[in-house]
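Quick notes on the structure that follows.
The values are calculated or read from the model by the stated rules, or taken from the named source; none is laboratory data. A quick note: this is a predicted structure, and the numbers were derived from the prediction, not measured. Here the Cβ positions follow ideal geometry from the backbone for every residue, glycine too, while neighbour counts run over all protein chains shown.
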Amino acid sequence: MTPVRYVGKREPHKDCIFGTGIIFMRDQSVFVPDDIAKRMLKEHPTVYEAGDEILSDTVEINAQPAVRKGEEPEIQDMRDVILTMDADALRNKAKNEYGVTFNSRMSVGKMRKELTQLVDRFGVI
């Protein structure tokens, strides 16, 4: 395992390019498998740099490949349900489960898109 530090702009940042599913916080070192760490450092030098093994905020992750779309039945089921929800149901779901308040002038299509993004980002709550 090799320590890799995330130095990109987003916080938190979830790795989806290399299939690890690791969630990085800025300037946090995380141990990742050697082959993936080598690719991260080579292919994206502005996002990842070699990490320190002694940092107090270093986290070791069991870096199993992330589950791909289509293999997450509960998330896909929620996406399907969102497509059938009306405006009130969309507002209630966003507020109660994700703490997000949709503007009353927002179209149903935009609310569906926003709620789907919340589900994709945070999972089914």
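Taking the residues in the range 1-24 that are surrounded by 13 or more Cβ atoms within 10 Å (Cβ to Cβ) and either assigned to a helix (DSSP H, G or I) or among the aliphatic types (A, V, I, L, M) (or both) as candidates, determine which candidate is farthest from the chain's Cα centre (by Cα). Among residues in the range 1-24 that are surrounded by 13 or more Cβ atoms within 10 Å (Cβ to Cβ) and either assigned to a helix (DSSP H, G or I) or among the aliphatic types (A, V, I, L, M) (or both), the one farthest from the chain's Cα centre (by Cα) is M1. Is it the case that D35 is modelled with pLDDT under 80, over 17 Å from R121 (Cβ atoms) and among the charged types (D, E, K, R)? Answer is no for this residue. Tell me whether the range 76-97 contains one or more residues that are in contact (Cβ under 8 Å) with a residue 24 or more places away in the chain and of a type in the set (S, T, Y). Checked against the condition, which is being in contact (Cβ under 8 Å) with a residue 24 or more places away in the chain and of a type in the set (S, T, Y), the range 76-97 yields no hits at all.
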